[in-house]
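For reference, the structure is listed below as structure tokens.
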Amino acid sequence: MDILVIGGGGREHAIVRKLKESPRAGKLYCAPGNGGIARDAECVPISAMDIPAVVAFAKEKKVGLVFVAPDDPLAAGMVDALEKEGIPAFGPRANAAVIEASKVFSKDLMKRYHIPTAQYEVFSNPEEAAAYIEKNNRYPIVVKADGLALGKGVLICQNLEEARAALKEIMEDRVFGASGSRVVVEEFLTGPEVSVLAFTDGHTIKPMVSSKDHKRALDNDQGLNTGGMGTVSPNPYYTEEMAEQCMKTIFLPTIEAMKKEGRPFKGCLYFGLMLTPDGPKVIEYNARFGDPETQVVLPRLKTDLLDIVMAVVEERLEDQPIQWSQEACACVVMASGGYPGHYEKGLPIEGLEENGQVEGAVVYHAGTVCKDGKFLTNGGRVLGVTALGDTLEEALGKAYQAVEKIHWQGVHYRKDIGRTK
Ligand code: AMP
Ligand code: GLY
């Protein structure tokens with residue numbers, strides 16, 4: 001079966017590599033892919049948001065599966081468009097991808113179906129939001145843009161002044177575009193954060209092994225929020241009992257809720273959880289694999305990913321066994337100097353072998369191009385250096401050893417992945 005993967009980051013590189021292991025996989029295409037993905041798949045210069053071009057390419061090449069990885073084409077209805085043409089596609093339809101694309105939708109869903117989450121109010125008027133925050137008088141308070149904002153639409157405010165500034169940024173200056181027409185103002189929760197990705201075909205849900213993301217740019221959780229600076233799996237805080245409790249109070253109720261709403265969710269549903277003193281609560285849903293969570297979860301998958309994906313697409317996940325390795329996995333993201341703010345592109349990366357890899361680890365390329373056989377930086381997050389080990393310590397040791405071999409001007413990475421809450 002020939003396969004087209006949509007997207008071009010580290011997550012997509014991990015997906016491509018895993019699909020490639022399948023004996024059933026034929027030719028692999030990736031749109032648009034990147035310099036490193038090009039070593040594992042044929043990259044096609046089609047934007048991940050160009051729905052008509054993706055549909056046309058999939059038809060022309062008669063691919064048996066399109067795997068839509070990023071959030072925006074899912075929210076824009078890429079899966080709906082492919083299905084209309086009879087092309088099997090992995091990912092939720094637009095009416096289910098809204099669980100990520102609108103925080104107002106997801107918060108209201110959780111309230112209606114009693115799924116534990118932070119208390120909140122929704123506002124479309126900044127004055128009313130500010131008045132509420134002033135009256136509530138509890139800090140920190142969390143202000144979130146309703147729509148997709150590249151993971152940056154969440155502002156944690158320590159006082160009324162900061163909250164007013166956040167409301168102005170989101171609702172008046174529209175820093176996150178149209179996604180700022182409404183805001184969710186929500187209670188600040190505390191506790192360790194856990195990411196749980198789950199396969200679901202709309203009826204059955206099978207959670208993957210847990211992981212932990214490190215979202216802040218700098219060591220000791222300092223600096224700005226990023227897309228994710230590194231991950232480990234399993235998450236040390238996520239016990240068996242916690243997994244059972246989450247299944248009962250969060251995972252199953254969410255799948256049931258989406259079904260009842262006439263929005264069955266098929267694909268990978270991502271639960272961003274916080275283990276609060278009052279039990280696990282949902283911080284956010286994503287309608288897709290996480291990045292860089294995928295980079296530490298998929299290497300632990302023992303079952304053929306293509307078998308699972310087709311079981312999801314064909315709604316027979318219940319009968320599909322899924323096995324995981326007991327090993328631990330760690331991913332250290334190497335980023336451009338300045339990320340998540342302004343950064344330079346086109347800097348030569350030293351230390352990678354000809355195939356874009358290094359000895360002792362797997363290097364998932366997130367933002368690279370390959371010119372004349374040389375890899376250059378081409379994004380904020382550039383590489384995800386990943387290793388498996390019998391223990392988390394061993395995996396981290398191997399990943400950091402490999403990181404030491406790679407360098408470019410201004411490169412920065414966190415030295416404390418796997419070591420902070
Ligand atoms: P999100 O984009 O919704 O995942 O939010 C980004 C980050 O903001 C999360 O990973 C949390 O660390 C933090 N955050 C979001 N909502 C809350 C909340 N209600 N209480 C505390 N921290 C939060
Ligand atoms: N790593 C967080 C995300 O993919 O949204």
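A short reminder: the numbers here are calculations on the coordinates, not readings from a lab. Keep in mind it's a predicted model, so treat the numbers as computed, not measured. Every residue, glycine among them, receives a Cβ derived from its backbone with ideal geometry; neighbour counts consider all protein chains shown.
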Original post:
Taking the Cα centre of the stretch 1-111 as origin and charging only Cβ (+1 Lys, Arg; -1 Asp, Glu), how large is the dipole, in debye to the nearest 20?
Top reply: 280 debye
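Please state the charge dipole magnitude for the chain, taken about the Cα centre, from unit charges on C-beta atoms (+1 on K and R, -1 on D and E), reported in debye and rounded to the nearest 20.
320 debye
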**OP:** Evaluate 2.2 N^0.38 Å with N set to the residue count of the stretch 136-262, then give the Cα radius of gyration divided by it.
**Re:** 1.23
Subject >> Residue among GLY367, GLY410, GLY33 with the largest mean-square fluctuation in a Gaussian network model of the chain, springs linking Cα atoms under 10 Å >> reply: GLY410
**OP:** Return the distance in nm (one decimal) between the two label points of a simple spin-label model at ASP416 and GLU241, each offset 7 Å from Cα along Cα→Cβ.
**Re:** 2.9 nm
Original post:
Among 326-333, 356-363, 116-123, 35-42, how do they line up from the highest to the lowest mean number of other beta-carbon atoms within 10 Å?
Top reply: 326-333, 35-42, 356-363, 116-123
Subject >> Dipole-positive endmost among TYR120, ALA81, GLY64 within the stretch 63-160 (Cβ charges, Cα centre) >> reply: TYR120
Subject >> ³J(HN,Hα), Karplus 6.51/-1.76/1.60, whole Hz, each residue of the stretch 200-214, x for Gly, Pro >> reply: 8, 9, x, 10, 10, 10, 10, x, 8, 5, 6, 8, 9, 9, 10
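Can you order the peptides 75-85, 221-231 by their average number of other Cβ atoms within 10 Å per residue, highest first?
Highest mean packing first, the order is 221-231, 75-85.
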Subject >> For the stretch 318-399, the spread of Cα positions along each principal axis, largest first, Å >> reply: 45, 30, 24
Original post:
In straight Cα distance, which lysines are under 28 Å from LYS371, not counting same-chain residues fewer than 8 positions off?
Top reply: LYS18, LYS20, LYS27, LYS61, LYS345, LYS405
Subject >> Cβ-defined net charge surrounding GLY389, 12 Å radius [Lys, Arg +1; Asp, Glu -1] >> reply: -2
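Nearest 500 deg cm²/dmol is fine: what mean residue ellipticity at 222 nm does the chain get from its DSSP H runs of n ≥ 4 alone, each adding -39,500 (n - 2.57), divided by its residue count? Intermediate values should be presented prior to the final figure.
Numbers: 13 runs with 111 residues, N = 421.
After summing the helix terms and dividing by the residues of the chain, the value is -7500 deg cm²/dmol.
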